[in-house]
1. Please note which helices (runs of 4 or more DSSP H) are completely contained in region 27-107 and include at least 1 residues that are over 23 Å from residue 7 (Cβ atoms).
2. Kindly list the number of the only condition in (1) at positive phi; (2) in contact with a Gly (Cβ under 6 Å, 6 or more places away or on another chain) that fails for residue 114.
3. Here are the criteria: (1) of a type outside the set (D, E, K, R); (2) in a helix (DSSP H, G or I); (3) touching a helix residue (DSSP H, G or I) at 6+ places or on another chain (Cβ under 9 Å); (4) farther than 27 Å from residue 96 by Cα. Tell me which single one residue 190 does not satisfy.
4. Working only within region 108-137, note down all residues that are in a helix (DSSP H, G or I) and either touching a strand residue (DSSP E or B) at 6+ places or on another chain (Cβ under 7 Å) or of a type in the set (Ser, Thr, Tyr) (or both).
5. Pick from 86, 76: which is in contact (Cβ under 8 Å) with a residue 40 or more places away in the chain and under 27 Å from residue 153 (Cβ atoms)?
Amino acid sequence: MVDGRVKPSAFEMPDYVIERVMKKRGRLRVFDQFAVRETALVVIDMQKFYVADVAPALAIIPNINRLAATFRARGGVVAWVQMTAGRDKQSLWPLYHDFFFTKEAGARHRDNLTEGAEGHKLHDDLTTHKDDCFATKSRFSAFLPSVSDLPEMLRRRGIINVVIAGMLTNFCCETSARDAMMLDYKVVMVSDANAARYPEDHSAGFTTLFQSFGDVLTTDQVIEELLA
């Protein structure tokens, strides 16, 4: 337990993935170091609606706060991304709500993730700052310019590297990481600052990303090595 919470989910890259990576690129890490002023910590979907009943998500809050404080102190950018699924009782993503939910569950997701709803707010234990970026998205990925204002915010600040934290590891975080790489950002996901409902999902979110989309590092590695 950490501060009354379970510890962040442990993650160890499977041997078969490491073997494949070494054959492909001859080294484990893609990136040795990022210039901090060109780097953003992107924290995805740490909203009350999502976090409240997911113990692993509560467990990563101290690491997210630690990363955010480090980024601010060293001149980097901290960006908080919130899912906005509805407006005026109308879905902003009808395909998802109509086909992937029951009617009741879709309405609950839509209404709790409407701006102004309590569930839409960031979790109370997260430490934000007035100079941070606050972005919204209406799809899994935070890097689709037509449905997220994050890419333009990062462009204006000269960001070329992103360090991704938040939830869920294998949904919005991994999807955002993949899209970011394909938009030519250098990408790192933080293994103990991302969370999923189940350990298997948590691991699945990292294994493919590590092979072709970016690095997977711990909070300590980001602070002590990547941003050194």
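The values are calculated or read from the model by the stated rules, or taken from the named source; none is laboratory data. All values reported here derive from a predicted model rather than from experimental measurement. Every residue, glycine as well, gets a Cβ built from its backbone with ideal geometry; the counts of neighbours run over all protein chains shown.
1. On the way: elements: 48-51, 55-59, 61-74, 94-99.
Per the criteria, 48-51, 61-74, 94-99.
2. Unmet condition: (1).
3. All conditions pass for residue 190, except number (2).
4. Let us first name the residues in region 108-137 that are in a helix (DSSP H, G or I), namely 108-112, 118-120.
Result: 110, 111, 119, 120.
5. On the way: 86 fails: in contact (Cβ under 8 Å) with a residue 40 or more places away in the chain.
Of the residues listed, the single one that is in contact (Cβ under 8 Å) with a residue 40 or more places away in the chain and under 27 Å from residue 153 (Cβ atoms) is 76.
Rundown of residues vs (1) more than 22 Å from residue 16 (Cβ to Cβ); (2) surrounded by fewer than 24 Cβ atoms within 10 Å (Cβ to Cβ); (3) not small (Gly, Ala, Ser), yes/no style:
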{"site": "146", "(1), (2), (3)": "yes, yes, no"}
{"site": "153", "(1), (2), (3)": "yes, yes, yes"}
{"site": "156", "(1), (2), (3)": "yes, yes, yes"}
{"site": "164", "(1), (2), (3)": "yes, no, yes"}
{"site": "171", "(1), (2), (3)": "yes, yes, yes"}
{"site": "175", "(1), (2), (3)": "yes, yes, yes"}
{"site": "179", "(1), (2), (3)": "yes, yes, yes"}
{"site": "190", "(1), (2), (3)": "yes, no, yes"}
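Per-residue answers, yes or no, for (1) at pLDDT 95 or above; (2) within 19 Å of the chain's Cα centre (by Cα); (3) within 24 Å of residue 144 (Cβ to Cβ); (4) of a type outside the set (S, T, N, Q):
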position: 8; (1), (2), (3), (4): no, yes, no, yes
position: 24; (1), (2), (3), (4): yes, no, no, yes
position: 64; (1), (2), (3), (4): yes, yes, yes, yes
position: 95; (1), (2), (3), (4): yes, no, yes, yes
position: 98; (1), (2), (3), (4): yes, no, yes, yes
position: 106; (1), (2), (3), (4): yes, no, yes, yes
